[in-house]
Every structure is written in C-alpha cells, then in structure tokens.
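Student: After the structure tokens below, expect a handful of questions from me.
Nothing in this text is a laboratory measurement; each read-out follows from the coordinates by a stated rule. Note that the structure is a prediction, hence the values are computed from the model and not measured. Cβ placement follows ideal geometry from the backbone for every residue including glycine, while neighbour counts extend to all protein chains displayed.
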Amino acid sequence: MEKPSTLLVHFDKGSAAMAGEIKADLEGSDVAAKVDAMKRAVMLLLNGETLPTLFITVVRYVLPSEDHTIQKLLLLYLEIIDKRDAAGRGLPEMILICQNLRNNLHHPNEYIRGVTLRFLCRLSEPEVLEPLVPSILENLDHRHHFIRRHALSAISSIYRLPHGDQLVPDAPELVERALASEQDASARRNAFLMLCTCAQERAVAYLLSNADRVAEWPDLLQMAAVDLIRKVCRSPNRADKGRYIKIIIALLSSPSTAVVYECAGALVSLSSAPTAVRAAANTYCELLSSQSDNNVKLIVLDRLNELRTSHRDVMVDVVMDVLRALASPNLDVKRKVLDLVLDLLTARNVEEVVLYLKKEVVKTQAGELEKSGEYRQMLVQAIHACAVEYPEVAGSVVHLLMDFLGDTNVAAAVDVVLFVREIIETNPKLRVSMIQRLIDTFYQIRASRVCSCALWILGEYSLSLSEVENAISTIKQCLGDVPFYTVSEEGEATDSAKPAQPVVNSVTVSSRRPVVLADGTYATQSAATEAISTPSVAPGSLSSTLNLRSLILSGDFFLAAVISCTLTKLVLRLEEVQPSMVEVNKACTGALLVMTSILQLGQSSYLPHPIDNDSYDRIVLCVRLLCNTGDDVRKVWLQSCRQSFAKMLAEKQFRETEEMKAKAQISHAQPDDLIDFYHLKSRRGMSQLELEDEVQDDLKAATGGFTKDAYDANRLNRILQLTGFSDPVYAEAYVTVHHYDIVLDVTIINRTKETLQNLCLELATMGDLKLVDRPQNYTLAPESSKQIRANIKVSSTETGVIFGNIVYETSNVMERSVVVLNDIHIDIMDYISPATCADVTFRNMWAEFEWENKVAVNTVIQNEKEFLDHIIKSTNMKCLTPPSALDGECGFLAANLYAKSVFGEDALVNISIEKQFDGKLSGYIRIRSKTQGIALSLGDKITLKQKGGS
Amino acid sequence: MVVLAASIISKSGKALVSRQFVDMSRIRIEGLLAAFPKLVGTGKQHTYVETENVRYVYQPIEGLYLLLITNKQSNILEDLDTLRLLSKLVPEYSPSLDEEGVCKTAFELIFAFDEAISLGNKENVTVQQVKQYCEMESHEEKAHKLMMQSKINETRDVMKKKASELDKMRMERGKLDKGGYSSISGPRVIEKTFNDMSITGSGFGSGSGLGGLGMDMDSFASKPKGGRPSAAATAPGKGLGMKLGKTQKTNQFLESLKAEGEVILEDVQPSSVQSRASPLPPSDPVTVTIEEKLNVTVKRDGGVNNFDVQGTLALQVLNDADGFIQLQIENQDVPGLSFKTHPNINKDLFNSQQVVGAKDPNRPFPSGQNETPLVKWRIQGMDESSLPLSVNCWPSVSGSETYVNIEYEAAEMFDLHNVVISIPLPALREAPSVRQIDGEWKYDSRNSVLEWSILLIDQSNRSGSMEFVVPPADPSTFFPISIGFSASSTFSDLKVTGIRPLKDGNPPKYSQRARLVAANYQVV
C-alpha cells in the first residue's frame, strides 16, 4: 500500500528554490511570516518536493513557538513528512519531536492538547508514540470534553496499530471506565467505537447493561450502537438475537432520522423474518414521506429497491405507501418510484395502483406544473406497463388516456397512441369502444407522428360497416375540401401564400440533420417531424379541425402517404362489408380524388420542397391498387399487416421473458470461488481477501484498497520494452491501468561495468495524463537492476502518450548521458466498457453531441454481420440493435453501438454498411461523443482495426 | 457512516483543498476528485452521485463544488447534515468564494473541516463551536499564564520584603552594638543602593519605634520631606533572635526558588521600596479618605429596586499643628448628588467656593489616629445604565440536571478589584461541576454558596461567564446573588485639589485615597 495522503492543497507556484526563503522566514521572529512560511512548506511538500534540510530548521525554530496557528501547522507538517526511511524503519530524528508533542499534551490550552491528540490518531510510528502513551492516558480524565474526546480516539487508533496492544495493554479497561463516567456525547461515541473495534465483548456488555436507556442516548452514540449490533449479529444463528432486535426496535423511535434510517438497514441485515422486513420497509416509507430532501428520497428508494429484490412478498404490501412519494415534485424521484412500483405489481394490487396512477394523470391535467408533460409521459408508460402485464386493467384507463392524444407534449401523445395500438391488438373486447373513441378524438391530434399511428389503427381495426364509414368521413373531414391547391389560384395565391413562407423556411433550415432510427438505420430527417414541435397552425387551415390538411400543407408528405394507405385500406375493407357497390365506388373515387390532390400539391411550386420519391411512389401505388384490386393484394393489405404487428408484439414479449430468464440464471458463486469461514478468521492481520464484512468491504473498495489485477498471462502481454538491448541501460515496463490512474512498473538494468549515478527516469506526457510524483535520483551498481514505479493520473478517456528518457552520470564522463525511451501509448479501450441505454436516450444523445468522427469503411471482410462482430470486438462496445433486426441476408446492415467510459462519458457509434456488387463492403462508421477526445481516439482505433482479416 | 474526504474543487475538477479522513493513496483521491465534475449531471435536482464504489455528496458554491466523498453504505442523512455544516463553515473562513480565495485560506478550511468531522465520523457541532475550537482561546491557558505571572510577582515581593527586613535588622543590630547615629555606616556598607536621605529617615523612624527620641519626632514631622520611605519608619523593632531565624528561612526559600529556575532579582531597588507605601497605614501628616458605598438591589429580570450611593470625605490629621488648613475640593457634576457638611464646617465657603474649612478659623481640625468625617453626600435616582457591574443568571433545567449560566458585564468607567459573586445553591452533597469559568471558583459547602471570584475586571475582561451544573433545583434557589467588589474611582469623582494653610508656612504634605465599595449589592 502506498503512503496514505491526508490532505491536498492546490498550489501551482511552487519550486524547490523557495526552500531558502522559507527557511529564512522560519528562523525569523515574525509570527505572521512564520505562519506563512509553514504554509508554504506544507504546500511544497504536498507538491512532491522533499525539502530534507527543512526538518532541522523546523525543530529548532518552529517547535518552541507559542503561537497556536504555528503549532497546528506544525502538526500538519509532521503529518505529511516521511517518517520512515526507504527500508521502512522509523527515522531517528523523529525522536526530536517527541518532547514537543509531550509538552503539547500537557499544555494548559485545551485546544492545543486536543489537536495534538488528534494528530496522534494519524500517526503510526510506535517509536514516536511509545513515550507519549502515559501523557495520553492522563488526558483521559481532563475536565474539558474537547480533550477527552480526542484522547479516546487517539487511544483507539494506537491500540489498533500492529502491536498496538503492547503499547497500551490496558486500553480497553481504561476506555470502559472512561465510558462509564463520561457525559459528553462525542467522547462517549469515541469510547464506544473504540470498544467496538478493539474489545467487542466489552462493548456488547455495556450495550446490554444499558439496553433500557439506549433510547435516551445521544444520537451519535445510538449510531455507534446500531453499528455494533449489525456487526455482532453478522454471525448467523445467534441465540440472543432477540435482545438486540429489541434494542433496534427501541431505537426506531429515535428522534434522529439518521438513526432511524440506520436502524432500518440493520433490521434487515439482522433478520429476514417478514415482521422485521416489514418494519424496515415501513420505516423507509416514513422517511420517504417525511424527508423533503431529494437526495434522501432517492437513496431511500434505492434501499427499498434492494428490499424488493430480497423480500418481494413483503414489499408488495407497502406498494401504496411507496406510491405516495409521487407527490414529490422531482422527476427523478417520480421515475424511481414508478420503476419500483411496476416491479411490485400483483394481480391483487394492480387495480389499486392503476387507480392511483389514473388520479395522478388527472392531476397533471389540472395543475399546470412545470414538466407536467414529461411526468404525464412517465405515467402513461407506467400504465402501459401495467396493462401489458395485467390486461384486465386496460379497459379502465385507456379511455382516459385517449384524451391525451391531442396533448401538446408530443412524446406523451406518442406514448399514448402506442399504448392504444398495443391494447387494441391484445384486447379485442375493447376494440369497438376504442375505435369509436379514436374517431371522436381524431381531430384533436396535432402531431404528425401521432396522426400517422392513429391513422394506421383506424385503417387496421375499423371492421364494421359503420366504423369504416365513420373513419373515412373523419379523415375526409380533417383533410378539408380538395383540392388543396388549384392552378387557377396560383396567381392570386402567391400573395396569400407568402406569409406562410417564412414559417416553412424556418422549419427547413434545420432539416438536413441525419438521425439514427431505432433499428440503426441512418436516415435523413424530413422537415416535417420538426415542424410538429412548434405546434403552430399551418397556413390554409380554416379551422382547428383540419389538422391533417394543415400538416400536409406544411410539407409533410410522409403523413400524406400514410393517409393514402389508410384510405386504400378502408376502401378495401368497405368492399367487404358494404353490400351496395354504389357506396363503395363512391368512397373509392373520393379516396382517389384525395390522393391525386396530394400528388398535385406535391408537384406544384406552392411548397418549397416537392414531394419526395418514396411518398410519391407509395401514393401512386395506392392509386393503382384502388383502380385494380386483386385477391392477393387484398390479403396483403388486410391481413398481413396485422399479422406482422402481432408478431412484433410477440417478439417483444419473448425478448423480455428471455432477459428475465437470463437474469435469473446468473449464478451467484462460481465453483472455484473462495469460501470465507468467518469463524476461522483471526482478529488481526487480515489479508486482502479476508475482509471483515460488507461494510468494511465497501469502505475498502471506496478507498481503493482492492487491487484486483491478477498476475495472469494478460499482464505479461503488457510488457513494453523501452530501450534497446545494446543500450547501456535497459528498461522495460509493465503498464497497469486502473480506473483513474496508470501505474508504470519500470525495471531498469545497468548493463555496463560502471556505477551509474544520479540515474533518473524522466517522463513526460501528452493528452489528458499527468505525472503524480517527481522523479527521484538513484544510484545503480554495475549490472544491477532497479524497480521504479511511476504513477500517472488520467482524467478523461483519450489516447495518451507517455514519453521519457533515462538520464544518468558516470564517474568518468562529466556531462550527463541520456537514453531516449520508446513511447508508451495508452489505449482508450482500457477505459470504455460496454453499456446499454434506451433507444430514445441514444437518439437524444446522438442529436445533442457535438463531436462526430466519420470513418469510411475499408475492410477485407465480405460479410456484413462478420464485420459488425469484428468492430464490436475490437472496440469493446455493445450492440444496441436487437439481433432479430440484424437477421437475414439483405446486403445491407445498420447498427448502433454504445459504450461508457469509466469517467462516465458516452461513446456512440453507428455503423451503416452495404454490400457492393463486387462483394466488398462499403459505408460509414460514425462516432459521436460529447468530448473530442473520445471521438478522435475511437475513430483512430476503428481505422486501425477495421481492416480485419488477421 | 464514514466520510472519506471533504474537498473543495473547481468546476473543472481542480482539487483546491481536500482533507482525507481515512487512509487512501494520493492517486486515488486525486482520481476520485478529477472524475467528479464529469459525473455531475446538469439540471438534476439532487446533489449526490454514486459510482461503483463511492458516493459523492456535493453542493455547488458559486464557481466551486463543496464535496464529501463517502462510501456507499454511508448514512445519507448524516452526510447531508455534515455537508450543510461545512457549507456554512466555508464562507466563514473563506471570504471570497473563488479558486484564489479558497487557496488562500486552505489551511484555515482544513482546520475547520477537522473540527466538523473526526476521523470520518460526524461530530455534533455548530458553526459557533467550530469557530470557538479554531480560535483556541483558552481560559485555562490565560489563567495558567496569570498564575505563573503572579507567582513570579509574589516571590519577588516576598524577596524584597525579606531583603528590606534583613537590612533593617542589620542596621538595628549596628545601632545596638555601637549606639546612636554612628550606626549608619552599617547599612551603608551592606546596602549601597540606599540613598543618604532614606537612610537617615529610616534611622529616625526606627528610633521612634524604640520610643527614645520623642523630641526629635515633632521637628521631624513638621518638616516633611518628599519621598520619605514609610516602610522603614513604621516597621517596629522586634526581638533580634527571631529575625535572624526568619532571614535564614527566607534565604532558604530564595535559594530553593532559584534552584527551581525562578528568576530572582538579588538587589533591592529603592524605587520598589517606595511603591509599597500605599497598603500601609498613612504616614503623611494629612490624609484625606474619600469613600463611596454602594447599596444596590437589582431584580433578576432587570430593573433596579434600589440604587444609592453614599459618600464620605474624611480627614485625618496626625499633628495638631497641621490642623489649621482648608481643603479645596472638586467634583464631577452628577445629577442627584447632594452634599451635607459637618456642622462645624463653613457652609457658605463650601457652597460658593467648594472649600472645606472650619467655621472658626482658630479651631484646628481634630488630630490623631481617628478619621473625622467632614462632608457626606448621596447620589440618588441613578438608573440601571450606571451600574458598575451587572450580573445575569440563567438557570435552565435539562433532563436530570440544572445548567446555570452566569455572566457579568462591567461598565466602562470602573476597574473593579476583588470581585466576588456569591451564588446560593441548594444543599448539595458534593461541589457543583463547573463546566466553564472566567476566573476562579470556590464552593463553600457549609453555607451552600458558590463563590466566583475575579481578581481584576479591567479593559481586557469587561464581560465574562461561568457555567455550572447541579442536580435539578428550582431556579429561585440561585437568588439572591450577592456581589462584592471595590474600585479606586468613585461616582462623584470628588477630589481634593489642594490644601491651604491658614497660618503662614508651607502647606503640609497630604495624601488622599478614594475608593468605591459595594456594601450591599444584590440580585434578587
């Protein structure tokens, strides 16, 4: 383990040259200058300077100072200097400070005593501590609580040192006695914690003997008690568990919410009995509703979520309490609550939950809250999820939700319409009423995407004669009178059309942005979709009912194509249900008229953009079809569409169940995992693997105590040769990449017969890398070797380069010799890991990120799928496009890849490739990220690797 | 429950100040801090971020983040409390909340962080307490220093006294040995720093003590000389054997003091001998004593029940010959001040010229050791604001204890000596536990009175407080609090500015003393 760091202070003006100045100031008698000099000395030390000569100056001139600030700075200084030599022995000059520390421990000023004791907590040199122990013990009975507090923690940390029990053999007894007579809350806590870690049985005895009074303890002490109970009860099957649980129950009514929170956690770890879990869950729910802080709410929800995974049956009962947290105005909280609740649905509570959600939806309508649209979308999705799982509730909500089809929040409206689409397929009983409702509310729909989906539903599910007729008439009504535009009007219309121009123009300006579709195809976005986001009433609309007309007049020909298809479908259906051919023909001609009008509009100069080819082709196809119907075509239009939709739903459900199964199958322990026998553990001298429990695990992980890189073959792959074999100094390095740092373990071998003096490994970096330590000088005997370790800090995902050279002196050559090292390239792949995100978020990020790197595909791989796998493998990313969408041979492939860096940066990749006639693949790989570094480095990586074949 | 580090970083991830509370490597903490700004989302309404291993709880402060790094099991409620406390501390110690300002006060911030979080555990402290801890103002240290100083002074005094006694004794021995004035050669040899004048003076003085030189006495007294050391004049001669023994003891004491490292001044300076004149009985032929007595009853909730000052001007004339004088006085104009003179005093003269003189110019003021009161006065109707010392007592019952907070506040105009505040307590088995005190305390268990004494209240400690804890008691038991003190200046500020002899000749030498005494000063 490296030397721990206890403080950091930003300081950029430091140089070793300041040492002289500092020394002069320290020797002077001006207190202010001395304080300043001490500060500078500490900062220089933190900056990596060693200042070895300063110590004696400090001992001579700073130690005797009476000033309090100087004394405190002195302690900081002592805290950060090296107190051991290279071999790990304590430096002998440390004895010099002992006397001073002892004096401080007897100082009349209680605060000087206190801070000195606190400093001793951080000291781990037994040589220094030993002579101070009697003075520390004396301070235990000082009448000022500030001193007692720190004396107790000092004793605790000394006792915990290796061999600390020899320094203060009777520490537990002393502390126990102190605890019994102590009044100060903080000092009691420190004493109790000391007993918990060093003499658990005493702590337990104290706790049990005071069991009745625990509820009156100060909260600090209560926290420590809960902690102890948790620790004690970790061993399973303890007979006296009941006594502890009783204490915990008493503490649950503590006035301090922190204690209550802690108790709930302890309760769950103590017992898995439903009563205990229920009590914990109820406590969390109470906290959830009583605490106004969002942080607390979110974390409590996390805890509840953990409870859900382990004790689902209990959690089901508190679902309504959890739901109450929806009252929080914070969207994150609401989202988490909804997620949690959706996982807790059962046939019994679903009615109630949906009822509550419905009420919430109604509430969003009433109060014009900020972001109510977004919240409504979340609610709609939640209800959707409920309805999918428990179809019987759909009927009670779907009509309410259909009111939101005309919602100004497009996303919410889209969700509603998708919901309706799914329900109408899966719930045939509701079909009639839903179609009726849809026809009634259709004119309210403003968004083009919602319109097209709603039109599809009308076309697909209008079955009876009256429904079909109503649908056709509604569409016609919404389109208004045809033609949309006549040639004769042209001359006059130019004027009236003019004011419309700017509106349309403003839309088209931003229209040329490519977007990635859900299936990974890379499409050019038409102007129309963005036009909706500004729900302005398009020109030419006479009233608000003419929603379709206004959308078409704003240039949305995709919607026009959808209208045509829907009309075609409805007419075909009409042929089946309408006995009177006259009526059918009437409808057919009406539909044809609409279509031709659209085509005419598309080709006129009225709109800045003419109709696109795709829409044109589809409309023409519809026209042909209506003129010339046949049985097979009819079958395609009237049945296959529906079947493929049903298939899609089935596929989706299948995927979900597969995922569930896969999740359930993750094994909890591998056959060759290490098993910990708690009872065989010794109290002291734990190895890395034998950690006490999850709390300590957690702490260990947080402080970076885990270094889990195994000494496997991979490590050998990472050896880099830095110099040539014939150089006087040979050097090679292991590069170990941790999360935020890179460690270079450099082995240096002196290949000459001379002693190399002042050998120094100088490193420089490019990119977002920073050296942590300054290089030190070494002397290398002939043909000996030396291990040097260099730490490099990384702060973002970017390819970095480390340059360096080795500088040394020999006895016969006066000037220094230099050996230049090979560059070390740090690979970006070490920093990114596969991750998943929802389609919508992917597309949002894609639209938002500024940096794009476009790489043309150039590869020897002939198969699209194989190429995709190759890229995935070489970039360490995850393919978001479902495998079913990548199936089949069509000579074309589009996929989205996603990864996240350890620094939380997102990397997005889209691959669009096409097989040429000559069998080669062509296309583009686009990389987008928020920062330039990732886009560039990933691009380089792909360029390098895409060739494949090897 | 463990805070790994408390840090302040800039929005770009530059670690300005960071204090770690558990062992972690430098590269780790720097990495954690550098990663933080990238993890912070914008537009979030919560202020914590969790990564795989740690949780950051943060608060933006202008262009900076104040940040706690905790493990993931840490109790968020406690951490938020701690963060709240720190966010209040930061502006206290760093007046400008930008990178430069924080860097400048980095160490002060670290000290403050240390007080708020002890080894990763939360401390229940307030901003006020942290400030107090960081200021490190310790009464104990002051008291210790004061004690050391007074010890030094005391030994110095004792030493001087002994030295002068030694001198005198030698001189007397010389006199006894050789008789008459020839003995002066003795002290001269021993103590060269004594000037001639004082030696002769001491010669006369000791003579009068022996009672054999009454004739000389008169002439001597009628011709007062400046700077006459009264110490020697009044020290009565005593048995010789005893003295010798005493000196030896003193010497031993001094020796042992010296051995203990005390700085002892060997030579006795004459100036310090003179300075000791005041505590001894008056030796000037004419002495004027001005004394004011305070009768105050203050209500505990504020307001004055009774506040009056009674003053006396008294005269002491040692010899009849010096009795033919008039005193010129002067006083400050205090509202409510009314004078009363002795029937034998010439009232007209007093009222018109503020001169105190006898009605009958041929009758001298009475002489002797007794003081003769000449003028009396009263000051009435003063309000609370003129109280020289106000005492507030706040008993509060908390749980099974009663906390009593007492504070005093002294007015600017007086420097008070020997202040003793006596607080009656309920009958206790043991002494109350005094949590905090400015000054000294003493518990008189027989009378159940806690005495809080402050030697001197001057500019440096115009206010002070004490806190002690006793078993639960009715708040009224702590009253009436009685207070005693003295001061060297008076309300009326009456002074004698000069003495006019009625007969020809020089005005006799006179001295005057003024003091204010609290005769009955109570808080009821």
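Student: What angle do you read, to the nearest 10 degrees and between 0 and 90, between the alpha-carbon axis of helix A:95-105 and the longest principal axis of chain A?
Tutor: So the helix axis and the longest Cα principal axis differ by about 80 degrees.
Student: Can you list the lysines whose alpha carbon sits under 29 Å from that of A:Lys786, skipping same-chain ones fewer than 8 residues off?
Tutor: Answer for A:Lys786, where 29 Å is the Cα cut-off: A:Lys3, A:Lys83, A:Lys708, A:Lys753, A:Lys770, listed by chain and number.
Student: Quick check: residue separation of A:Ala885 and A:Asn103 times 0.36 nm, minus the Cα distance between them. What number comes out in nm?
Tutor: Working it through step by step, the gained length comes to 273.7 nm.
Student: Counting other C-beta atoms within 10 Å, which of A:Val818, A:Val62, B:Val517 has the fewest, and how do the rest follow?
Tutor: Least crowded to most crowded, the residues run A:Val818, B:Val517, A:Val62.
Student: Out of the GluC sites (Glu not before Pro) in segment A:796-825, which ones are loop residues according to DSSP with at most 14 other C-beta atoms within 10 Å?
Tutor: Passing both the DSSP loop test and the Cβ count: A:Glu815.
Student: Something else now. Cut-off under 12 Å on the C-alpha distance; same-chain residues fewer than 8 positions from B:Lys168 excluded. Which aspartates and glutamates are left, in chain and number order?
Tutor: Candidates past the 8-residue exclusion: B:Glu191.
Student: Could you work out how much longer the chain between A:Glu138 and A:Tyr924 gets when fully extended? Use 0.36 nm per residue separation minus the Cα distance between them, nm to one decimal.
Tutor: This chain segment gains 275.3 nm when fully extended.
Student: Any chance you could tell me what percent of the C-alpha pair distances in chain A go past 39 Å?
Tutor: 63 percent
Student: Counting other beta carbons within 10 Å of each residue's own, what order do A:Arg308, A:Arg843, A:Arg642, A:Arg213 fall into, fewest first?
Tutor: If I rank by nearby Cβ atoms, fewest first, I get A:Arg213, A:Arg642, A:Arg843, A:Arg308.
Student: Going from the alpha-carbon gyration tensor of segment B:3-135, what semi-axes, largest first and in whole Å, does one get by taking the root of 5 times each eigenvalue? List each step's numbers first, then the result.
Tutor: Details: eigenvalues 86, 58, 40 Å².
Over the Cα atoms of segment B:3-135, the semi-axes work out to 21, 17, 14 Å.
Student: Can you compute 3J(HN,Hα) from phi for each residue in segment A:207-223, using the Karplus curve 6.51 cos²θ - 1.76 cosθ + 1.60 with θ = phi - 60°, rounded to whole Hz and x for Gly and Pro?
Tutor: 4, 5, 6, 9, 3, 6, 9, 4, 5, 8, 4, x, 4, 4, 6, 4, 4
Student: Further, regarding this structure: With a bin width of 5 angstrom, please list the P(r) values of segment B:399-453 as percents of all Cα-Cα pairs, from the 0 bin to the one holding the largest distance.
Tutor: Per 5 Å bin, starting at zero, the Cα-Cα P(r) for segment B:399-453 comes out as 4, 15, 28, 24, 14, 9, 5, 2, 0 percent.
Student: Which links in A:Lys39/B:Lys122; B:Lys161/B:Lys442; B:Lys347/B:Lys376; A:Lys34/B:Lys11; A:Lys663/A:Lys941 stretch past 24 Å when you go from one Cα to the other?
Tutor: On the way: A:Lys39/B:Lys122 27 Å; B:Lys161/B:Lys442 30 Å; B:Lys347/B:Lys376 13 Å; A:Lys34/B:Lys11 33 Å; A:Lys663/A:Lys941 32 Å.
Flagged as over cut-off: A:Lys39/B:Lys122; B:Lys161/B:Lys442; A:Lys34/B:Lys11; A:Lys663/A:Lys941.
Student: If I take R0 = 30 Å and measure r between the Cβ atoms of A:His825 and A:Phe11 in this structure, what FRET efficiency does the formula 1/(1 + (r/R0)^6) give, to the nearest 0.05?
Tutor: For A:His825 and A:Phe11, the calculated efficiency is 0.45.
Student: Right, another one. In peptide B:378-385, what is the residue-averaged number of other protein chain Cβ atoms found within 10 Å of each Cβ? Spell out each step's value before the answer.
Tutor: Details: counts 0, 0, 0, 0, 0, 0, 0, 0.
Per-residue shielding by partner chains comes out at 0.
Student: Continuing with the same structure: Put a dot 7 Å past each Cα toward the Cβ at A:Ala327 and B:Arg173; how far apart are the dots in nm?
Tutor: Going by the 7 Å Cα→Cβ label model, 9.8 nm.
Student: Which whole number gives the average, over all residues in B:44-56, of C-beta atoms from other chains lying within 10 Å of the residue C-beta?
Tutor: Other-chain Cβ atoms within 10 Å of each residue's Cβ, averaged: 5.
Student: What number do you get for segment B:59-137 when its Cα radius of gyration is normalised by 2.2 N^0.38 Å, N = residues?
Tutor: The value comes to 1.08.
Student: Let's test the formula: R0 of 30 Å, r as the Cβ-Cβ distance of A:Ile80 and A:Gln166. What FRET efficiency results, to the nearest 0.05?
Tutor: 0.65
Student: Across the residues of A:190-200, average count of Cβ atoms on other protein chains within 10 Å? Write out the running numbers ahead of the final one.
Tutor: On the way: counts 4, 0, 0, 3, 0, 0, 0, 0, 0, 0, 0.
That average works out to 1.
Student: To continue, here is another question. Taking 8 Å as the Cα distance limit and 6 or more residues as the minimum spacing, I'd like the relative contact order of chain A as a percentage. Before the final figure, lay out each step's value.
Tutor: Working: 1258 pairs, mean separation 46.8, N = 950.
Taking the mean separation of contacting Cα pairs over the length of chain A, I get 5 percent.
Student: For a paramagnetic label modelled at 7 Å from the Cα of A:Ser604 toward its Cβ, which residues of segment A:561-590 fall within the zone defined by backbone nitrogen distances under 18 Å?
Tutor: Only A:561 fall inside the zone, counting backbone N under 18 Å.
Student: Here is a follow-up. Quick one: grab the alpha carbon gyration tensor of segment B:385-487, order the square roots of its eigenvalues as a ≥ b ≥ c, and give me rounded if a/c is under 1.5, else prolate or oblate depending on whether a/b is larger than b/c. Spell out each step's value before the answer.
Tutor: Details: a/c = 2.10, a/b = 1.83, b/c = 1.15.
Prolate shape, in that a/c is at least 1.5 and a/b is the bigger ratio.
Student: Taking only DSSP H segments of four or more residues, each worth -39500 (n - 2.57), what value at 222 nm results for chain A once the sum is divided by all its residues, to the nearest 500 deg cm²/dmol?
Tutor: Mean residue ellipticity at 222 nm (helix-derived): -16500 deg cm²/dmol.
Student: For B:Lys162, go through the lysines and keep the ones whose alpha-carbon is under 20 Å away, minus same-chain ones fewer than eight residues off.
Tutor: B:Lys162 reaches B:Lys151, B:Lys175, B:Lys192, B:Lys238, B:Lys243, B:Lys246, B:Lys249, B:Lys258.
Student: Hey, what's the Cα Rg ratio for segment A:713-826 versus the globular rule of thumb, 2.2 N^0.38 Å?
Tutor: 1.08
Student: First measure r as the distance between the Cβ atoms of A:Thr736 and A:Tyr778, then evaluate 1/(1 + (r/R0)^6) with R0 = 22 Å and state the FRET efficiency to the nearest 0.05.
Tutor: Efficiency, from the Cβ-Cβ distance: 0.55.
Student: Quick check: residue separation of A:Asp632 and A:Asn305 times 0.36 nm, minus the Cα distance between them. What number comes out in nm? Spell out each step's value before the answer.
Tutor: Values: separation 327, 0.36 × 327 = 117.72 nm, distance 5.32 nm.
Value of the extension gain: 112.4 nm.
Student: Compute the distance in nm between two label points, each set 7 Å from the Cα along the Cα-to-Cβ direction, one at B:Val524 and one at A:Asp403.
Tutor: 7.7 nm
Student: Here is a further query. Ranked by Cβ crowding within 10 angstrom, fewest neighbours first, how are A:Glu460, A:Glu262, A:Glu762 ordered?
Tutor: A:Glu762, A:Glu460, A:Glu262
Student: If you add up the charges near B:Leu450, with Lys and Arg at +1 and Asp and Glu at -1, over every other residue whose beta carbon is less than 9 angstrom from its beta carbon, what do you get?
Tutor: Charge balance near B:Leu450 sits at -1.
Student: Would you please classify the overall shape of segment A:793-856 from the alpha carbon gyration tensor, given that a ≥ b ≥ c denote the square roots of the eigenvalues, rounded means a/c under 1.5, and beyond that prolate means a/b larger than b/c while oblate covers the rest?
Tutor: Working: a/c = 4.95, a/b = 3.88, b/c = 1.28.
Note, shape of segment A:793-856 comes out prolate.
Student: Sticking with this one: Amide H to amide H under 5 Å from A:Leu821: which residues, 5+ apart in sequence or cross-chain, H placed 1.01 Å off N in plane?
Tutor: Residues meeting the amide H criterion: A:Gly804, A:Asn805, A:Ile806.
Student: A follow-up question, please. Where Lys and Arg each count +1 and Asp and Glu each count -1, what net charge lies around A:Val318 among other residues with Cβ under 12 Å from its Cβ?
Tutor: Value of the local net charge: 0.
Student: Calculate the all-directions average of the projected area of segment A:840-896's alpha-carbon convex hull, and give it in nm².
Tutor: Averaged projected hull area, Cα only: 4.8 nm².
Student: Here's another thing I want to ask about it. Label segment A:349-461 by shape, choosing from rounded, prolate and oblate, from the square roots a ≥ b ≥ c of the eigenvalues of the Cα gyration tensor; if a/c is under 1.5 it is rounded, and otherwise prolate applies when a/b is larger than b/c, oblate when it is not.
Tutor: oblate
Student: So for the pair B:Glu137, B:Ser433, with labels modelled 7 Å out along Cα→Cβ, what separation do we get in nm?
Tutor: The modelled label-to-label distance comes out at 2.5 nm.
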